[in-house]
1. Among the residues of the stretch 105-120 satisfying the criterion of being in a helix (DSSP H, G or I), of a type outside the set (D, E, K, R) and open to solvent by 70 Å² or more (accessible area, probe 1.4 Å), which is modelled with the lowest pLDDT?
2. Does Val216 meet the test of being in contact with a Lys or Arg (Cβ under 7 Å, 6 or more places away or on another chain) and at pLDDT 95 or above?
3. Filter the stretch 183-198 for residues that are in contact with an Asp or Glu (Cβ under 6 Å, 6 or more places away or on another chain) and either over 14 Å from Arg253 (Cα atoms) or not in a helix (DSSP H, G or I) (or both); which is modelled with the highest pLDDT?
4. So Leu62 fits all but one of (1) modelled with pLDDT of 80 or more; (2) more than 15 Å from Leu90 (Cα to Cα); (3) open to solvent by less than 70 Å² (accessible area, probe 1.4 Å); what number is the exception?
5. Need pairs with beta-carbon distance below 9 Å; first residue free of Cβ contacts under 8 Å to residues at least 12 places away in the same chain and within the stretch 228-244, second among the aromatic types (Phe, Trp, Tyr); sequence gap 6+ or separate chains.
6. Give me a count of the residues in the stretch 303-312 that are part of a helix (DSSP H, G or I) and open to solvent by less than 30 Å² (accessible area, probe 1.4 Å).
7. Residues in the stretch 245-284 that are more than 25 Å from Ala298 (Cα to Cα) and either in a loop (DSSP other than H, G, I, E, B) or among the basic types (Lys, Arg) (or both): how many?
8. Give the residue that is farthest from the chain's Cα centre (by Cα), with candidates limited to residues of the stretch 255-279 that are modelled with pLDDT of 95 or more and aliphatic (A, V, I, L, M).
Amino acid sequence: MEKYEKIEKVGEGTYGKVYKAKETSTGQIVALKKTRLEMDEEGVPPTALREVSLLQMLSQSLYIVRLLNVEHVDKIPKSASHSATPKPILYLVFEYLDTDLKKFIDTFRKGANPRPLPSSLVQSFLFQLCKGVAHCHSHGVLHRDLKPQNLLLDQQKGILKIADLGLGRAFTVPLKSYTHEIVTLWYRAPEVLLGSTTYSTGVDIWSVGCIFAEMVRRQALFPGDSEYQQLLNIFKLLGTPTEQQWPGVSSLRDWHVYPKWEPQNLTRAVPSLAPEGVDLLSKMLKYNPCERISAKAALDHPYFDSLDKSQY
């Protein structure tokens, strides 16, 4: 890896450490995602292969972080003897972006001058997020871990890009059974919290709705500290779901008898959001995943009518 000079560690993704680095020959600043490969009989782990293949396919979109290169290194640990078996490491080389949506929201929430995000910026970022998600879904890929920390920003150009597809996976029809240990709790769809193993694009749309509300509120919409508390937070605002609203909900694996709350007016949670925005948010936060608006349809919602779409 003489090609790259590490500058600093900038975080840890789903499957590895991320460094800010410089390509020595060109001086270009890049992000290096270091993934130690746990070798098994199959060689390179499926998670690493999956992420690389998904990223290569999806990187054509402006709204997905671009994969520039893939480097495979066999490294002998410093403390090991010369005869030790080298540890394989995979480096994914991405374009570098200096901040994420979580840090960006915090600059408006904290400090001496707390203020709301400009509504035009919320609208622009949400449109770009929907574009990126629609691109993933049109290629048969669920992201499954959308949260503000995974949305990187080019502040100069005002561009938002989806990152960390480590939990992404191609979905096919008919839908397969998937693990429900996905998505940071606060952005996790209720069908996943209730133990459903068969789900589709709606899990990402729920996360987008939570992120939309968080940009408006500057704080999380449903900040639960356990799966049970997370569900209660959702039910207190949206009402406890019924079989009429969401057929099959009471037969999901982790369904219990919950307190019966009536739905609140969503405007109370996002008082500064225009009526068109509240309508779009309500369509993203439908209980029945089949009724949630698609990312593609969201792009044509009246909330975006005042946006100059020719720029995107």
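1. The residue in question is Thr107.
2. no
3. Residue satisfying both the conditions and the ranking: Leu194.
4. (3)
5. Close Cβ pairs satisfying both conditions: Asn233/Trp186; Asn233/Phe222; Thr242/Tyr287.
6. 2
7. 12
8. Filtering first and then ranking leaves Ala274.
The values are calculated or read from the model by the stated rules, or taken from the named source; none is laboratory data. Everything numeric here is computed off the predicted structure, so don't read it as measured data. Don't worry about glycine lacking a Cβ; one is built from the backbone with ideal geometry, like all the others, and counts go over all protein chains shown. Heavy atoms of the whole protein, side chains included, go into the accessibility calculation; ligands, DNA and RNA do not. Shrake-Rupley method; radii C 1.70, N 1.55, O 1.52, S 1.80 Å.
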